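Heads up: the structure comes next, in structure tokens.
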Amino acid sequence: MSARGRFLTSMAGALGVAAVGTALGIAREQRQISRRAGEDLSFGELRSEPMTVIADDGVPLRVEVDELGEEIATGLFRRSRSSTPPVTVLFVHGFCLQMDCWHFQRAAYRGLVRAVFYDQRSHGRSGKSSRENATIDQLGRDLKAVIDAAVPDGPVVLVGHSMGGMSIIALAEQYPEMIGDKVVGVGLIATTAGGLDPSRMLLPLVPAKLAGPFSHRAVSTLHRRHRHIDGLRRLGRAVATVATDRLAFGKEVPRGYVEFVDDMLSATSFEVIADFFPHFAGLDKFHLIELFGNVPTSIIGGTADRLTSIGHARKLHSRIPGSRLLECEGAGHMVILECHDLVNAELDQLITAATAVRSR
């Protein structure tokens, strides 16, 4: 039977193992009876013992693993007669963000699902990349290194936001044999496989008076003066915060959400922005994404996303057989914060389907 046939057969039998998803959903709902998961915690407080994964070019990557709670590990996600490790969910963050952007997902699944988070190269607590290796293809190789180190045994579901989704697509291009074998599910959130206009993402990242005339040549030129640009960004923080609010979110959100995202953007130096910037416009990998039809795939986008418009999500959905599409009405690029309840509910479905496929 073909890989796609095995997937369809497994999906048809998903109800037989739906208790996994049901139990996961119930556990999350119980946690939310008294509070919305994570909202009583300050952003960035959720931590686990860190580990360091060394990329193939020597860049150290900061990785954190949230293990299953003991009760879950021994009962809920393991069949009593099987030694197969439970599914691990690996979250890959976007451009100019860091692992903390998954705050609401990490809070919701903490102890219920084995979850891996990491800072991409030149972001957060990971090491600085050379300029020549600040590419989408290198991010795919980095993801492979993280999988090898943090998920040595058992299946993995990959969930990527924005540039994180591009990292997953790059992994699939370089290691197609992993899709349907090691990788049993994929979540692509506010992302694309090509056709991106990267100039849209500049406004919250640079001084407003410089954002308009920016071009690839200007970014390359200003790369040499990145420290000066960083100083201007700090002086123009109020303007940058307004820009972040308008470009990252589609609707009115709590001030803390805006400040949290703006802090992550501000922590990313302009040198890093200039290193990665040229590679977004040239991204063109739509030809290979049909491969994700071999595993459960969920695509999530906000209808008011000004960076990767909902058209990108719809195009991904049309090119990936059997994929699910969740359109979050009125949400912007940071849909993982703005509509975290809807996003988490869709991830419940993805994890359930991936577990069903793996168990057959």
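The values are calculated or read from the model by the stated rules, or taken from the named source; none is laboratory data. None of these values were measured; they are calculated from a predicted model. All Cβ positions, even for glycine, are placed from backbone atoms using ideal geometry, and neighbour counts span all protein chains on display.
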Given (1) outside any helix (DSSP H, G or I); (2) assigned by TED's automatic domain parsing to the domain that holds residue 178, index of the condition residue 318 fails: (1)
Output for the stretch 304-318, where each listed residue is more than 12 Å from residue 196 (Cα to Cα) and surrounded by fewer than 16 Cβ atoms within 10 Å (Cβ to Cβ): 314, 318
1 or more residues at pLDDT 70 or above: qualifying helices (runs of 4 or more DSSP H) within the stretch 195-288: 237-248, 255-266, 270-281
Scan of the stretch 139-193 for residues that are of a type in the set (Gly, Ala, Ser) and either in a strand (DSSP E or B) or more than 19 Å from residue 320 (Cβ to Cβ) (or both), ordered by number: 145, 149, 150, 154, 160, 185, 187
Filtered residue count, the stretch 164-182, keeping only those that are under 21 Å from residue 301 (Cβ atoms) and out of contact with any Gly (no Cβ under 7 Å at 6 or more places or on another chain): 4
When residues of the stretch 118-154 are limited to those that are under 19 Å from residue 347 (Cβ atoms) and without any contact (Cβ under 8 Å) to a residue 60 or more places away in the chain, the one surrounded by the fewest Cβ atoms within 10 Å (Cβ to Cβ): 147
Yes/no for residue 292 being of a type in the set (Phe, Trp, Tyr), in contact (Cβ under 8 Å) with a residue 24 or more places away in the chain and over 15 Å from residue 189 (Cβ atoms): no
Where residue 62 falls short, out of the listed (1) at pLDDT 60 or above; (2) over 17 Å from residue 157 (Cβ atoms); (3) loosely packed, with under 15 Cβ neighbours inside 10 Å: (3)
Test for residue 265: is it under 17 Å from the mean Cα position of the chain (by Cα), surrounded by fewer than 23 Cβ atoms within 10 Å (Cβ to Cβ) and touching a residue at least 60 places away in the same chain (Cβ under 8 Å): yes
Enumeration of residues in the stretch 90-117 that are over 10 Å from the mean Cα position of the chain (by Cα) and in a helix (DSSP H, G or I): 100, 103, 104, 105, 106, 107, 108, 109
